[in-house]
Amino acid sequence: MTPIEQALLHRLATTGPIRGTAQVGYALWPDRTMQPQGAALAAGKILRGLRDSGYVDSHYESKLSRYEITDQGRAALTQQAA
């Protein structure tokens, strides 16, 4: 698991779900100025990998996706910390 994937899982585990792919990008890179499309594009590949691994789940809610960590993601995060 990459450091950026670990950072996202940690963020989801500690602060809860993030609504909107662009908001995930802003959460991952708070020190950068990005347009919403750029933030979403940057976060999309990371989210896709974590979803494919079963670490993150997404739900469609009011025209936006809501991303949350799964139990499998929590276990992977704990294992990485050990």
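The values are calculated or read from the model by the stated rules, or taken from the named source; none is laboratory data. Given the structure is predicted, the values throughout are model-derived calculations rather than measurements. Positions of Cβ are backbone-derived with ideal geometry, glycine not excepted, and every protein chain shown enters the neighbour counts.
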Checklist entry - Can you find a residue in the range 61-69 that is assigned to a helix (DSSP H, G or I) and of a type in the set (A, V, I, L, M, F, W, C)? => result no
Item to check | L77 vs. criteria at pLDDT 95 or above, touching a helix residue (DSSP H, G or I) at 6+ places or on another chain (Cβ under 6 Å) and either of a type outside the set (D, E, K, R) or assigned to a helix (DSSP H, G or I) (or both) | outcome: no
Checklist entry - Do any residues in the range 24-51 that are in contact (Cβ under 8 Å) with a residue 24 or more places away in the chain and more than 15 Å from E68 (Cβ to Cβ) have Cβ atoms under 7 Å from those of residues that are buried (at least 16 other Cβ atoms within 10 Å of the Cβ) and small (G, A, S), where the two are at least six apart or on different chains, and which pairs are they? => result L28/A43
Next on the checklist: Would you confirm whether or not the range 40-59 contains a residue that is surrounded by fewer than 17 Cβ atoms within 10 Å (Cβ to Cβ) and on the phi > 0 side of the Ramachandran plot?
Outcome noted: yes
Next on the checklist: Restricting to the range 1-57, name every residue that is in a loop (DSSP other than H, G, I, E, B), of a type in the set (F, W, Y) and more than 20 Å from Q72 (Cβ to Cβ).
Outcome noted: W29
